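Everything on this sheet refers to the single structure shown next.
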Amino acid sequence: MKYFKYLSFLLFTSILLTACSDDDDFNSQTPIPTGDYADGFFVVNEGPFGGTGSLSFIKNDFSEVTQNAFVAENPNEDLGSFIQSVFFDEERMFIISNGSNLINVVNRYTLEFIALIDAGFEVPRYGTILNNKAYVTNLASFGSTTDDFVSVINLETYQVENTIPVNNIANQIEAVNGKLIVENSAFSDGNSLTVIDAASQEIESLVEVGAGLNSMVLLNNEIFTLSATQFSRINTNSFSIDASVDFNEEQGNFQNLQVANGKVYYTSGNAVYFTNLTDLNFEEEALFSYETDSAFGMFYGFAVQNNQIYIADGSDFASNGTILVYNESGQLLFETEAGLGPNGFYFN
C-alpha cells in the first residue's frame, strides 16, 4: 500500500510539474499583435504630383479593404506628398514622404500617431532599423549622383542626429551583421552596393554587380541582386559574390526580384517567372502573364508572400491603380482598387 501511494505521489508530482512547465512555456511565448491592422498588409500609394499620397490596408484573407487608412486614424496629421515606402520595427511603422521630406511614425498595428520627423531629409527613399536607430537613404539633388546620403535617426528622440555621405546613388537599404548595405542604383542606373559599418558610420567597401541594377533583397543573411545583365548572390560575412548568372541580350530585361520558398521570382514584360535557387535557370517558361493597358505602371509594385504573388498596376496615374493577387499557377485569387500610383506591399 505504501508503495502504491509512493507511485501515486510521483505520478501526481510529475503531472503537476509538467503542467507548470507548459504554463511557463505558454506565458513566455511572444504575444500575438492586436489592432485593426495586425492581420494583413499595407499598399503604399504615391499619390498625384503635388497632392497627398495614401495607405491602403487589405486583410490577409481579402475579406476587407480599407482605403486612406492613415487619414482614417489620424485625420489631423499630414501624411505628405509622394509616399515612397514604409519600413517597420517590432511595434512601429515609418512612412516616408519624399515629396515633403518627412517621415510619419505610427503604431504598425493600430496606426496610432507617434511622431513626425520633418528635418534632416532631402528626397528620402528607403529605410531600415539597426540598434534603435533608423537609417534612411536620400537622393538629394536630381542632377548629381554623388551627393546622396543616409540620415541617421535617434529613435528615442525622433531626431536626425547625423548623415553619412555615400558618394554614390543611395536607394534601397538593408541592415545585416552590423553593416548597412546601400543599393547604388536608381531607375536601373548603377552596378554596385556600398557597405557601411553602422558603428563607425564609415564606408567599408564597394561590391560590384551587373550593370543595370534594379533590385536588392536581403534574406537569411544573404543579399541577392538583379540587374539587366546579371543575378548575384552575396555573402554578408565577406561581402563577396558567392554565385552569379550572366544574362544575354535575348533574355530580356529582368526586374522586380523576390526570393522566397527557395525560389527566385522576377518579371519580364508583363510576365512572372521563377527559378530554383539550387539551379538558377533563367530560361524557364513564364508562370503566367497579366493583362494591362498601363504604359508605365506595369508591375509598379511586386511581392511574393506565402506562395502568393502580389501585383500593383499603376494604370494611367491619373486614376486609381489596381491590386491583383495570383497563386503560382496563374489563377487570380483577388482583385481590388488601390489608391493613385500603388508602388509596394508591406506585410504586417
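Read the figures in this text as sums done on the coordinates, not as results from a lab. Everything numeric in this text was worked out from a predicted model, so none of it was measured. Using ideal geometry, Cβ is built from the backbone for each residue, glycine included, and neighbour counts are taken over all protein chains shown.
Would you mind checking which residues have amide H under 5 Å from G344's amide H? H placed 1.01 Å from N; only 5 or more apart, or other chain.
Under 5 Å from the amide H of G344: V44.
Given the Cα atoms of the chain, and with Rh set as the inverse mean 1/r over their pairs in the Kirkwood sense, what is Rg to Rh to two decimals?
1.06
Given the options N45, N256, N74, which has the most mean-square fluctuation in a GNM of the chain, springs set between C-alpha atoms less than 10 angstrom apart?
Answer for the Gaussian network model of the chain: N74.
Angle, helix 2-28 long axis vs. longest principal axis of the chain, Cα atoms, 0 to 90°, nearest 10?
20 degrees
Starting from the Kirkwood Rh over alpha-carbon pairs, what translational D in µm² s⁻¹ does the stretch 80-158 have by Stokes-Einstein at 20 °C and 1.002 mPa s?
So the translational diffusion coefficient is about 170 µm²/s.
Cβ under 12 Å from N343's Cβ, N343 left aside: what net charge do those residues give with Lys, Arg +1 and Asp, Glu -1?
-1
With the dipole of the stretch 28-114 worked out from charges on the C-beta (+1 for Lys and Arg, -1 for Asp and Glu) around the Cα centre, which of S97, A69, F57 lies farthest toward the positive end?
It is S97, whose Cα lies furthest towards the positive end.
Dipole of the chain, Cα-centred, from +1 at each Lys and Arg C-beta and -1 at each Asp and Glu C-beta, to the nearest 20 debye?
Dipole size: approximately 840 debye.
If you take all C-alpha pairs in the stretch 70-121, what percent of them are over 11 Å apart?
The share of Cα pairs beyond 11 Å in the stretch 70-121 comes to 65 percent.
For the stretch 137-226, what is one quarter of the convex hull surface built on the Cα atoms, given in nm²?
One quarter of the hull surface, i.e. the mean projection, equals 6.0 nm².
Counting only helical runs of four or more DSSP H residues, what would the 222 nm mean residue ellipticity of the chain come to if each run contributes -39,500 (n - 2.57) and the total is spread over all its residues?
Roughly -3000 deg cm²/dmol at 222 nm, from the helical runs in the chain.
Quick one, what does Rg over Rh come out to for the stretch 201-344 if you take C-alpha atoms and the Kirkwood Rh?
My calculation of the ratio gives 0.99.
When V264, V182 are ordered from fewest to most other Cβ atoms inside 10 Å of their Cβ, what list results?
So the ranking, lowest neighbour count to highest, is V264, V182.
Quick check for me: using +1 on Lys/Arg Cβ and -1 on Asp/Glu Cβ, what's the dipole size of the stretch 205-279 about its Cα centre, in debye to the nearest 20?
Using only the charged Cβ atoms, the result is roughly 240 debye.
In whole angstrom, how long is each semi-axis of the equivalent ellipsoid of the stretch 256-339, when you take the square root of 5 times every eigenvalue of its Cα gyration tensor and sort them from largest down?
23, 13, 10
In what order do D118, D316, D148 fall by count of nearby beta-carbon atoms within 10 Å, going from fewest to most?
Final ranking by Cβ density, sparse to dense: D316, D118, D148.
If r is the Cβ-Cβ distance from E250 to N76 and R0 is 51 Å, what FRET efficiency results, to the nearest 0.05?
For R0 = 51 Å, the calculated efficiency reads 0.40.
Using the Cα atoms of the stretch 175-214, I'd like the radius of gyration and the largest Cα-Cα distance, Dmax, both in angstrom.
10.7, 30
Quick one: putting +1 on the C-beta of Lys and Arg, -1 on the C-beta of Asp and Glu, what dipole do you get for the stretch 268-348 around its Cα centre, in Debye to the nearest 20?
Charge dipole of the stretch 268-348: 280 debye, to the nearest 20.
If you only keep lysine pairs separated by 8 or more in sequence, or across chains, how many in the chain come under 30 Å at the Cα atoms?
Within the chain, the lysine pair count is 4.
Note down the relative contact order for the chain as a percent, whole number, built from C-alpha pairs under 8 angstrom at least six residues apart.
Relative contact order of the chain: 11 percent.
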